[in-house]
1. Bins of 10 Å, beginning at zero and ending with the bin holding the largest distance: percent of Cα pairs per bin for the stretch 1-121, please.
2. Considering the options 12, 46, 189, tell which one lies farthest towards the positive end of the dipole of the chain, charges being +1 on Lys and Arg and -1 on Asp and Glu at the Cβ, about the Cα centre.
3. Quick one: what do you get for the chain if you divide its Cα Rg by 2.2 N^0.38 Å?
4. So if R0 is 35 Å, what FRET efficiency would residue 311 and residue 136 give, r being the distance between their Cβ atoms, rounded to the nearest 0.05?
5. Can you sort 264, 12 from fewest to most other Cβ atoms within 10 Å of each residue's own Cβ?
6. Starting with the fewest neighbours, write out 1, 170, 191 ranked by other beta-carbon atoms found within 10 Å of each beta-carbon.
7. Can you compute the FRET efficiency between residue 232 and residue 2 using 1/(1 + (r/R0)^6), with r the Cβ-Cβ distance and R0 = 22 Å? Round to the nearest 0.05.
8. For a footprinting-style exposure proxy, rank 286, 173, 86, 270 by other Cβ within 10 Å, fewest first.
Amino acid sequence: MKLLVTGGAGFIGSNFVHYILGKHREWKVVVLDKLTYAGNLKNLEPALQEGRCGFVQMDICDRGVLEQVQGCDAVVHFAAESHVDRSIEDASAFVRTNVDGTHNMVQACHQARVPRFLHVSTDEVYGSLGEEGQFTEESNLQPNSPYAATKAASDLIVLAYVRTHKFPAMVTRCSNNYGPYQFPEKFIPLMIAQAMAGQKLPVYGAGLNVRDWIHVSDHCSALDAVLQRGREGEVYNIGGGCELRNIDLAKRILRALDRPESLIQFVTDRPGHDLRYAINCEKTSRELDWAPAVQFDEGLAQTIHWYRDHQQWLDDLRSGQYRDYFQKHYVQRAKTFAQ
C-alpha cells in the first residue's frame with residue numbers, strides 16, 4: 001500500500017502517520033504538507049528517520065499535486081486551515097485551502113484514478129446543539145463560523161464528485177481531538193502550557209460551551225477502519241462520548257498540575273461561538289466494528305505527561321525555531337525519498 005497523507009505534519013495528520021506505520025508494517029506513506037505555522041516536521045521525526053515515510057513540501061492548491069497522487073493506492077486528506085479564531089479575523093486562507101485546495105486534490109485524484117480517497121472533516125459543520133440531542137450523519141449542515149463553512153463546502157465538493165463522477169471517496173466528521181503534537185492555540189494544549197508556566201488560562205465567556213472529546217489515537221483507529229472498510233460515498237461520524245464544559249476541563253487540568261483555579265481568566269466570548277457539540281457515532285461502530293478505547297481521564301493524564309516531557313518541543317514551537325531547524329535538516333532528504 002502506498003498512502004499519501006495531506007497535512008501530515010500537523011497534529012492529527014502526524015499522529016495518523018505514526019499510527020499507520022506502527023500498525024501496517026508493509027505500508028509506505030508519503031506526507032504532503034505546505035508547512036504553514038501549524039505544520040511541524042519535528043512531529044514526523046521518528047517516522048522520517050525510520051525510512052518508510054517520505055515528505056513533499058507542497059501547497060494542496062498547487063497543480064503539481066497531480067504528479068504526487070499518481071500511483072497512490074489511497075489518499076487521506078487532512079490538510080486544512082482549522083483555527084476558528086483565525087477564520088473570524090480573516091477567512092481568505094480558509095476559503096483558499098479548505099475549498100479550493102480540497103477541490104484541487106479531488107480533481108487530481110479523480111484524474112489519476114486513485115482507488116480510495118478519505119476526506120477528514122469536523123463536527124463543526126453541523127453547527128450548534130442545545131442541551132439535548134446528538135449530531136448524526138443525517139443532521140443538517142448549519143456551520144456558524146467561517147472555518148466551519150469552508151469545511152462544509154469541502155465536504156459537499158467531495159460528495160458531489162462521488163455522485164457525479166463515481167469518485168471513490170468517504171467523509172468523516174470528528175469531535176474535538178486532544179493528544180500529543182497539538183499546536184498550543186487549541187484549548188487543551190493551551191490550558192496545559194499556560195498552567196505549567198503559572199500563567200492565566202483564558203476561557204471564553206463563562207466557560208459553559210460543551211465539547212465532545214476524543215483522544216487522537218482513537219480518531220486514527222477510526223480513520224484506519226473507514227479507509228479499509230468504509231463504503232464509498234458515505235459519511236461517518238467519529239466521537240469520544242465524553243462531553244465536558246470548557247470551565248470544567250480547565251479546572252481538571254489545573255488540578256492535575258497542582259495549580260490554583262485563580263489562574264482561570266474569563267475573556268470576551270468570540271462571535272458565533274457554538275454552545276454544544278455531541279456526536280452520535282453508532283453508524284461507524286455498527287458498520288466498521290469500531291469504538292473509542294481511551295478513557296478521557298487516562299488520555300488527559302497521558303497528554304499532560306507528554307507536554308511536561310516535551311517542554312523543548314513547546315518552547316521551539318512558540319519561538320518559531322522549529323520551522324528553520326527542521327526544514328534545513330529534513331526537507332531535502334525527504335524530497336529525495338519521495339522521488
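Here, each number is a calculation from the coordinates, and none is a lab measurement. Everything quoted here is computed from the prediction, not taken from an experiment. Glycine gets a Cβ as well: all are built from the backbone with ideal geometry, and neighbour counts include every protein chain shown.
1. 14, 48, 31, 7, 0
2. So the residue furthest toward the plus end is 46.
3. This ratio for the chain stands at 0.95.
4. 0.25
5. On the way: 264 19, 12 22.
Fewest to most other Cβ atoms nearby, the residues stand as 264, 12.
6. On the way: 1 14, 170 22, 191 25.
Fewest-to-most ranking of 1, 170, 191: 1, 170, 191.
7. FRET efficiency, residue 232 to residue 2: 0.70.
8. Taking fewest neighbouring Cβ atoms as first place, the list is 286, 270, 86, 173.
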